Structures are given as C-alpha cells and as structure tokens.
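Taking it in order: structure first as structure tokens, then the write-up.
The values are calculated or read from the model by the stated rules, or taken from the named source; none is laboratory data. Just so it is clear, the model here is predicted, and its values are computed rather than measured. FYI the Cβ positions are ideal-geometry reconstructions off the backbone, even for glycines, and counts take in every protein chain you see. Each accessible area value is taken on the protein alone, full model and side chains, heavy atoms only, with ligands, DNA and RNA left out. Shrake-Rupley method; radii C 1.70, N 1.55, O 1.52, S 1.80 Å.
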Amino acid sequence: MSVQTSLHNTPLADEHVALGAKMVGFGGWNMPLQYESILAEWEHNRKTVSLFDCSHMGEFMIKGDAVACGLDAMVTQTIVDMPVHTCRYGAMLNEEGGIIYDLIVYRKDIEDWMIVVNAANIEKNARHFRAHLNAKASFEDASFKTAKLDLQGPQSRDLLKVLAPGIEKLSYYTFHQFQIEGIPCLISRTGYTGELGFEIYCPWEKCKEIWKLILKNATVKPTGLGVRDVLRVEMCYSLYGHELDEGISPLEAGLEKFIDGKKDFIGRQALLARPAQRAIGYFTSTSRKSPRAGHKIFDAQGKELGVVTSGTFSPGLQAGIGIGFMSLQGNGTGTQLFFGDEKNKAEGMVVKRPFYKKGSLKA
C-alpha cells in the first residue's frame with residue numbers, strides 16, 4: 001500500500017506502510033487504522049504497552065499573561081492558577097454556548113502556554129485564537145513543526161524511564177522537558193486510552209528516530225486509530241463530531257466539572273440561559289450486538305429517547321457499549337432501553353461511566 005498524497009502525512013507515513021498498517025483518511029490525514037486485528041491491539045494495550053502516532057494533532061504556542069492577552073476568557077476552565085508544568089482539560093465555546101472544541105492547556109512557564117487540539121479542527125481553531133487573542137499575545141501554530149507519539153499501557157512507565165530518566169516522577173496531568181537520545185521532548189503523563197501512559201511531543205523531523213528507538217523494545221507494538229477509538233469509548237471519553245460540536249452545550253455533554261462558573265468566558269451568558277434539555281448517557285447492550293452512531297434510543301414502551309453518538313463492541317465487557325444523548329427522564333442508571341431503528345431494536349441498560357474499570361490510568 002502506498003502513501004496517499006491527497007491527504008496530510010505525518011512524519012511516519014512511510015514507516016506505517018513498511019510495517020503493514022492499513023491506512024485510512026482521518027480528519028484530512030493519512031493515518032494507520034490497524035496493524036493487526038482490533039482485538040489483538042486492544043489486548044496488547046490493556047496488558048502491555050502500545051505506541052500510537054498522533055502527529056496529526058494540532059499544537060498552538062501562546063505567550064502572554066493569560067488574562068491580559070485574552071487567553072483565559074477563551075477557555076471554560078480557569079487557567080491562571082495552573083502551576084507551571086501542569087495540564088488542564090477544558091473547552092472553547094462560541095457566543096451561543098456551543099462547543100467549538102475541547103482542548104488541553106499546558107503551562108510551560110508563567111506566560112508560556114501550549115494548546116493541543118484535534119487534527120480535523122486545526123485551521124478552524126487557529127482562526128478562533130487569532131480572532132480573540134489581543135495584541136498582548138504571541139501566537140504560533142506549530143502543528144507542522146511538532147510531532148506527537150503516545151506511549152500507552154501499564155508497562156509504559158517502565159519502558160520510557162530508560163529512555164527519558166525522570167519521567168517516572170510525573171504525576172497525572174503534569175509534564176516536563178526531557179531528552180531522548182539528545183532530542184528535546186516535552187513529555188506529559190496524559191492519554192486517551194484509560195491506561196497509564198505518556199504523550200511525547202518532539203520536533204517533526206526527529207519523530208522517526210524516536211519512533212524507531214522505542215520500537216526496538218520487543219514489548220512495544222505500533223497501534224492504529226481503530227483500537228484507540230474502542231479504548232476511548234470504553235472509558236467514555238468524548239470525541240469532537242460525536243459527543244461534542246458547536247450545536248452541543250457542555251452541560252449536555254457532561255462537562256460540568258470543566259466549567260468555572262465564577263469566571264467570565266466566551267459563551268458564558270448564553271450557556272447560563274440555555275438549560276439542558278437532554279444529557280449524555282452511557283449504556284451496555286444485553287448481548288454482543290453493538291450500537292452505532294446514528295442509532296436511535298428508545299424506552300421500554302418504544303418512545304424515542306435520543307440518539308447514539310458513539311458505539312462499539314467492548315472486548316473488556318464482551319458486550320456492545322454505547323454513548324448517546326437522551327432525554328433527562330430516560331438516562332437513570334439501571335434504566336432499560338433499546339437501540340437501533342423502528343424495525344430492528346436491541347436491548348440495553350443505562351450504566352455509570354466508565355465502562356472499563358480495570359485500567360492502569362492513575363497507577
């Protein structure tokens with residue numbers, strides 16, 4: 001399989017092809033979907049350690065006082081009290097209180113910030129930042145200068161501390177600057193799998209060296225985006241375009257704890273005046289049948305309750321699992337529901353998040 005040229009390629013596109021990955025378009029990028037079966041990659045990540053190429057993600061570098069330059073007002077979370085070398089999850093809203101995008105803020109120094117956003121929305125988010133940051137801010141879109149590798153799994157710490165001594169001291173949602181074979185890297189203890197893991201930000205042109213070095217350890221396997229989606233659904237993590245978009249309120253999406261109601265931010269007034277009419281909910285199938293995005297959700301009497309936003313088969317539960325928006329009356333834990341369409345329905349039950357509870361995330 002050859003590298004596609006109509007899509008953006010990460011620095012590792014040729015490596016993925018050489019390793020036999022199935023390549024697909026994702027968010028405008030040519031990305032590896034899988035190297036082995038989804039089940040085999042799931043098993044390896046949950047029990048050992050996997051390496052993901054996430055260089056399609058966007059990185060914005062901002063310098064300036066968070067309040068004075070307008071950055072703090074763009075994020076639902078307060079960021080002014082963040083200690084240096086910590087990360088914080090939050091969201092940007094439009095004036096109507098809808099989610100432009102969820103993001104992670106990294107505080108590199110007192111007035112030095114990195115914002116990480118999803119691949120499909122890099123240009124859109126960059127425009128939003130440029131429109132709302134003022135002249136007191138320095139803004140750089142470093143997305144095509146910065147590569148990103150995710151090392152995830154219960155054995156990730158033991159492997160990475162050999163290459164980057166000191167990473168074992170990182171606590172959850174903190175980061176620091178390290179070197180791997182003389183290559184400067186920002187490494188954070190973060191991830192999207194529900195397992196102990198680290199995200200490695202490095203120079204674009206040096207990414208291949210680090211990738212090959214990590215894969216010299218036979219314990220590590222390269223892993224695609226296919227199983228990454230299964231892993232994130234098992235943990236009930238939201239994905240833009242599914243559980244999040246500009247027509248969805250963060251209150252509907254279950255992001256209440258990532259909103260600082262005491263500070264002013266873009267979209268705050270509209271959000272407060274917009275009571276949620278539905279809520280995000282999580283359910284398991286009573287069989288191996290898997291819900292799919294777009295399936296309708298019904299109550300036991302056949303009344304339509306909502307819609308599935310993400311669904312998959314969970315190897316951890318050996319059952320179908322789903323995330324979706326439901327009416328406020330129909331999403332109580334233990335509630336029986338059905339998913340599918342008017343002609344073909346499968347039974348499920350509302351449960352508490354996350355689906356998968358055996359992860360090593362905070363080990």
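Limited to the stretch 151-175, what total is found for residues that are loosely packed, with under 15 Cβ neighbours inside 10 Å, without any contact (Cβ under 8 Å) to a residue 40 or more places away in the chain and part of a loop (DSSP other than H, G, I, E, B)?
3
Given the criteria of a type in the set (A, V, I, L, M), within 27 Å of G359 (Cβ to Cβ), open to solvent by less than 50 Å² (accessible area, probe 1.4 Å) and assigned to a helix (DSSP H, G or I), does A73 qualify?
Working: of a type in the set (A, V, I, L, M): yes; within 27 Å of G359 (Cβ to Cβ): no; open to solvent by less than 50 Å² (accessible area, probe 1.4 Å): yes; assigned to a helix (DSSP H, G or I): yes.
So A73 does not fit the description; no.
Quick one: E96 ticks every box in (1) in contact with a Gly (Cβ under 8 Å, 6 or more places away or on another chain); (2) in a strand (DSSP E or B); (3) surrounded by fewer than 21 Cβ atoms within 10 Å (Cβ to Cβ) bar one, so which box is it?
All conditions are met except number (2).
The rows are residues; the columns are (1) in a helix (DSSP H, G or I); (2) open to solvent by less than 30 Å² (accessible area, probe 1.4 Å); (3) modelled with pLDDT of 95 or more.
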residue	(1), (2), (3)
T5	no, no, no
G20	no, no, yes
V24	no, no, yes
P32	no, yes, yes
W42	yes, yes, yes
N45	yes, yes, yes
L51	no, yes, yes
F60	no, yes, yes
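Against the condition within 30 Å of L7 (Cα to Cα) and either part of a loop (DSSP other than H, G, I, E, B) or of a type in the set (A, V, I, L, M, F, W, C) (or both), how does F178 come out, does it pass?
Details: within 30 Å of L7 (Cα to Cα): no; either part of a loop (DSSP other than H, G, I, E, B) or of a type in the set (A, V, I, L, M, F, W, C) (or both): yes.
No; evaluated as a whole, the condition is false for this residue.
For the stretch 293-319, which residues satisfy the criterion of being touching a His at 6+ places or on another chain (Cβ under 8 Å), of a type in the set (A, V, I, L, M) and not in a loop (DSSP other than H, G, I, E, B)? Before the answer, list the steps.
First, pick out the residues of the stretch 293-319 that are touching a His at 6+ places or on another chain (Cβ under 8 Å): 293, 307-311.
Now drop any that are not of a type in the set (A, V, I, L, M), which leaves 293, 307-308.
Correct list: V307, V308.
What pairs come up if the first residue lies in the stretch 114-141 and is of a type outside the set (K, R), the second is part of a helix (DSSP H, G or I), and their beta carbons are under 6 Å apart, counting only those six or more places apart or on different chains?
Within 6 Å, the pairs are V117/N125; H132/M74; F139/F129; D141/A126.
Before we move on, is D81 without any contact (Cβ under 8 Å) to a residue 24 or more places away in the chain and either open to solvent by less than 20 Å² (accessible area, probe 1.4 Å) or not hydrophobic (A, V, I, L, M, F, W, C) (or both)?
On the way: without any contact (Cβ under 8 Å) to a residue 24 or more places away in the chain: yes; either open to solvent by less than 20 Å² (accessible area, probe 1.4 Å) or not hydrophobic (A, V, I, L, M, F, W, C) (or both): yes.
Spelling it out, D81 is indeed without any contact (Cβ under 8 Å) to a residue 24 or more places away in the chain and either open to solvent by less than 20 Å² (accessible area, probe 1.4 Å) or not hydrophobic (A, V, I, L, M, F, W, C) (or both).
Among the residues of the stretch 123-162 satisfying the criterion of being in contact with a helix residue (DSSP H, G or I) (Cβ under 7 Å, 6 or more places away or on another chain) and among the aliphatic types (A, V, I, L, M), which is nearest to E111 (Cα to Cα)?
A147
Taking G324, is it in a strand (DSSP E or B), closer than 30 Å to K47 by Cα, open to solvent by less than 80 Å² (accessible area, probe 1.4 Å) and of a type outside the set (D, E)?
On the way: in a strand (DSSP E or B): yes; closer than 30 Å to K47 by Cα: yes; open to solvent by less than 80 Å² (accessible area, probe 1.4 Å): yes; of a type outside the set (D, E): yes.
In short, yes.
Looking only at the stretch 225-275, filter to residues that are in contact with a helix residue (DSSP H, G or I) (Cβ under 8 Å, 6 or more places away or on another chain) and either in a helix (DSSP H, G or I) or at positive phi (or both); which one of those is most open to solvent (accessible area, probe 1.4 Å)?
Among those residues, the one meeting the criterion is G241.
For the stretch 99-114, name all the residues that are surrounded by 17 or more Cβ atoms within 10 Å (Cβ to Cβ) and either part of a loop (DSSP other than H, G, I, E, B) or touching a Cys at 6+ places or on another chain (Cβ under 7 Å) (or both).
Our first condition is that a residue be surrounded by 17 or more Cβ atoms within 10 Å (Cβ to Cβ); within the stretch 99-114, this holds for 99-108, 111, 113-114.
I104, V105, Y106, E111, listed by residue number.
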